[in-house]
Amino acid sequence: MSLLLTGIAELTTNDPARGDGQTDPGDALLGIVRDAALVVSDDGDVEWVGPERDAPDADERRDLGGRAVVPGFVDSHSHLVFAGDRSAEFAARMTGTPYDGGGIAVSVAATRAASDDELRALVAARVAEMRAQGTTTVEIKSGYGLTLDDELRSLRIARELTPHTTFLGAHVVPREYATQRAAYVDLVTGPMLDAVVADGPGTLAESIDVFCEPHSAHAFDGDEARTILEAGRAAGLSLRVHGNQLGHGPGVRLACELGARSVDHCTFLDADDVDALVAARGTTVATLLPGVEFSTRSPYPDGRALIDAGVDVALASDCNPGTCYSSSIPFAIALAVREMGLTPAEALHAATAVSARSLGLDRRVAPGQPAELAVLDAPSHLHLAYRAGVPIARALEL
Ligand code: NIG
Ligand code: FE
């Protein structure tokens, strides 16, 4: 049964060639079609897109009542596999205690103590929470297990909910290895990585990630991060990096040099980092995570300057129990507009087209593409930032 969706006041296609008026630069970037319609095939693919007046017939019709439709958000950075929370750590931060990654050990202990079923239920609830806010694709990292068995368990559970899983055994050096850092790097790059790719790269994890942060005693320095990323690449995984979150450091340049798909946070950047990101355009995306700056009281990076320099900028939630326990992409969009200087169109593009590219996906709304869409209780995408905090976005259920 094909389905014709009508009553779409504004459709964001992410396909500049498809836009109608293209008078506004934002409209052109988003490929906006006003008074649009869409036909979705039985198997969930887009069959036809265009102005409603030209729409073909279909087996069924649904009128969306003048709402805006946008590509479903692609949350390309999350840490959903954890138990417990760290609300007390958050409260302490709001009165001045800085974030240093030390609290990750608290989540590691809670996660190891949880049963498979408990953990599975927690992750499934978080993915459902995301969907209810318009996210249709999510990347999920391990990283709160930090033993071979607990990392594999985290990835297996994540894999039940998304194909976009990332091995983050190198989140921090766990307490039991605090005096043997090199032995932990050997464990991550040896037995853990071997087990992750035992059934072929991409089966349990498609990427490897590392928290490259010389400003945290718990995370990994540039040399350690290079060792971990090179091992992951040799094992057939694509690369993602947590870089330059707490201060200036080697993470961004390392990610660009090694051809990572994404370097995430990018909070503290110098001119060399920006040059490296510009040179890596088309390969390495800079994923900004404004919920983290919000929740750690950090300064926000200058997203405007990055886009003006020509960097590929994505937006994601980083939903995790420490630095940002928010699964809301509309919240990230609102922060990016208010605090990072992105236009509403650039922010939506960053949280759909560019974040998708960092996962090797195409999220244009075009014939042949999966109909992964979000509907807004509002007539235009501008309302995502304008109506901050109001739950206007949800995944479109077909
Ligand atoms: O992306 N920075 C490293 N990892 C997470 C935070 C993890 C935590 O504090 O639990 C992040 O910010
Ligand atoms: Fe993260």
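Readers should treat all values here as calculations from the given coordinates under stated rules, not as data from a laboratory. Here the structure is a predicted model, which is why all the values come from computation and not from measurement. Glycine also receives a Cβ, built like all others from the backbone with ideal geometry; neighbour counts cover every protein chain displayed.
General observations
- Highest-fluctuation residue, Leu277, Leu204, Leu29 considered, GNM on the chain with Cα pairs under 10 Å: Leu29
- C-alpha long axis of helix 104-113 to longest principal axis of the chain, angle in °: 90 degrees
- Net charge, Pro290 excluded, C-beta distance under 14 Å - Lys, Arg +1, Asp, Glu -1: -4
- Between 0 and 90°, nearest 10: helix 329-339 axis offset from the chain longest Cα axis: 80 degrees
- Working note: Cα gyration tensor of the chain, eigenvalues times five, square-rooted, sorted largest first, giving semi-axes of 36, 22, 19 Å.
- The Rg/Rh ratio of the stretch 1-102, with Rg taken over Cα atoms and Rh as the Kirkwood radius over Cα pairs, comes to 1.25.
- Restricting the trypsin sites (Lys or Arg not before Pro) of the stretch 346-398 to loop positions (DSSP other than H, G, I, E, B) with no more than 16 neighbouring Cβ atoms within 10 Å leaves Arg387.
- In the stretch 161-294, Rg over Rh equals 0.96, where Rg is the alpha-carbon radius of gyration and Rh the Kirkwood radius from pairwise Cα distances.
- Label-to-label distance, Arg338 versus Glu60, with points set 7 angstrom from Cα along the beta-carbon direction: 3.8 nm.
- When you filter the trypsin sites (Lys or Arg not before Pro) in the stretch 277-313 for DSSP loop state and at most 14 other Cβ atoms inside 10 Å of their Cβ, you are left with Arg281, Arg297.
- Taking the Cα centre of the stretch 271-397 as origin and assigning +1 to Lys and Arg Cβ atoms and -1 to Asp and Glu Cβ atoms, the resulting dipole is close to 320 debye.
- About the centre of its Cα atoms, the chain shows a dipole size close to 620 debye [charges on the beta carbon of Lys, Arg (+1) and Asp, Glu (-1) only; nearest 20 debye].
- The GluC sites (Glu not before Pro) of the stretch 126-199 that DSSP puts in a loop, and whose beta carbon has at most 16 other beta carbons within 10 Å, are Glu160.
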